[in-house]
1. Looking at segment B:91-101 only, could you name the residues that are away from DNA strand C (no atom under 12 Å from the Cβ) and either more than 14 Å from chain A (Cβ to nearest Cβ) or under 15 Å from B:Glu51 (Cα atoms) (or both)?
2. Given the structure, is B:Pro5 at pLDDT below 95, within 11 Å of chain A (Cβ to nearest Cβ) and within 14 Å of the chain's Cα centre (by Cα)?
3. Just checking, does segment B:95-118 include any residue being of a type outside the set (A, V, I, L, M), in contact with a strand residue (DSSP E or B) (Cβ under 9 Å, 6 or more places away or on another chain) and touching a residue at least 60 places away in the same chain (Cβ under 8 Å)?
4. I'd like the full set of residues that are in contact (Cβ under 8 Å) with a residue 24 or more places away in the chain and within 9 Å of chain A (Cβ to nearest Cβ), limited to segment B:34-49.
5. For a quick check of your reading of the model, give me the residue pairs whose first member lies in segment B:65-86 and is facing another protein chain (nearest Cβ under 8 Å), whose second is near DNA strand D (Cβ under 7 Å from one of its atoms), with beta-carbon atoms closer than 6 Å and at least 6 apart or on different chains.
6. Taking A:Ser34 and the conditions (1) farther than 16 Å from A:Glu131 by Cβ; (2) assigned to a helix (DSSP H, G or I), which numbered condition does it fall short on, given that it satisfies the others?
7. Consider segment B:120-156. How many of its residues are surrounded by 18 or more Cβ atoms within 10 Å (Cβ to Cβ), farther than 15 Å from A:Leu147 by Cβ and among the acidic types (Asp, Glu)?
8. From the list A:Ser119, A:Ser108, A:Ser104, which residue is in a loop (DSSP other than H, G, I, E, B) and among the hydroxyl-bearing types (Ser, Thr, Tyr)?
2 protein chains.
Amino acid sequence: MNVQPVGAVDEDTIRFGELGQSVGFLLRIAQLQSFDLFFQRLASQGLKPGEFTVLWVVGLNPGLRQGTIAARLRIKPAHMTKLVHRMVEAGYVQRNVLDHDRRSVRLSLTDKGEAFVQSHKQAFLEFHQAERLNLTDAEFATLMQLLGKLTGIDDT
Amino acid sequence: MNVQPVGAVDEDTIRFGELGQSVGFLLRIAQLQSFDLFFQRLASQGLKPGEFTVLWVVGLNPGLRQGTIAARLRIKPAHMTKLVHRMVEAGYVQRNVLDHDRRSVRLSLTDKGEAFVQSHKQAFLEFHQAERLNLTDAEFATLMQLLGKLTGIDDT
DNA sequence: TGGAAAATGTTTTTATGTAAACTAAATTCT
DNA sequence: AGAATTTAGTTTACATAAAAACATTTTCCA
């Protein structure tokens, strides 16, 4: 079975060479795969990973500066501006400029924003389970620990 | 030191809550971090991760279909078309339509493309080392194995 | 003080990536 | 054989993200 015609190339096997030893390459593939799964499961509820993550983090850390959150989530300032404006338009987020520093913008959830996060929290957390895919508990724990070390984000 | 004014928020600490247990979230952060490092080191040489990866893979697997490579690298067909055209314009890639199936397009590197890959191979591989960051050899090996399992890409 | 430098966001312009509809070629199914 | 389906890639129109230049406010320090 699966005899190759003379001169043809095996379509199923791709050689990656040293790319297979690249952390960045595998991270990229894994991440895109994860996004695919996210959209497949949660797009119907109108959730986008970036937006929902911001709402989530703002909910947990009310009053933080927009820029602080952006930096931590690796969202570029220009993009953060637009994203936050969308969330304000949607009525989920409040912007607040404090007197002692009128440059910076403090973010917090509106009641509607809180309600939105709460109502989707379950699906969001279930998704986190699903994306563990075929990893055992031990493998999962190890992976998280290593990614934590790589990213400097500790699990808190 | 670092006494907070009354009513202020600690700027340094962000709580992620259950997000900290999300594979997808950590993958996303790690991946963006990796891209940042890539651009920081290799942008000056005119390398983009996606483009160089395609050249690399085409070089290792001459004669594969454009679509096969795109699927494996998780590049969308529409984007692949444009990317390949850029590479053809640059003189790095040849498109080839075989008689036995005139729908599909076979890719291979031109001599110029080969030379380009060769001349940047070193920097590319050094970058792979750098992105291991603060991981030990053992941690690195484990991480790669787990990401391999997650993505279904085995190290070959 | 007061002017230079830094910090924080925003706007505009450009590049990158995606979705959906489309063309063309090959395959399948009576 | 010939219509219907599938496969491969392209095109167009749109969405997303990024870089660069900008405006404003604050800090630094000579």
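The values are calculated or read from the model by the stated rules, or taken from the named source; none is laboratory data. Keep in mind that what you see is a predicted model, and the values were worked out from it rather than measured. So basically every Cβ, Gly included, is an ideal-geometry build from the backbone, and we count neighbours across all protein chains shown. Remember, those area values only see protein heavy atoms, side chains included, never the ligands or the DNA or RNA. Shrake-Rupley method; radii C 1.70, N 1.55, O 1.52, S 1.80 Å.
1. Within segment B:91-101, B:Gly91, B:Tyr92, B:Val93, B:Gln94, B:Arg95 meet the criteria.
2. no
3. For segment B:95-118, residues of a type outside the set (A, V, I, L, M), in contact with a strand residue (DSSP E or B) (Cβ under 9 Å, 6 or more places away or on another chain) and touching a residue at least 60 places away in the same chain (Cβ under 8 Å): present.
4. Those that are in contact (Cβ under 8 Å) with a residue 24 or more places away in the chain and within 9 Å of chain A (Cβ to nearest Cβ): B:Ser34, B:Leu37, B:Phe38.
5. The qualifying pairs are B:Arg65/B:Ser104.
6. So A:Ser34 meets the others, but not (1).
7. Summing the residues that are surrounded by 18 or more Cβ atoms within 10 Å (Cβ to Cβ), farther than 15 Å from A:Leu147 by Cβ and among the acidic types (Asp, Glu) in segment B:120-156 gives 0.
8. Result of the check over A:Ser119, A:Ser108, A:Ser104: A:Ser104.
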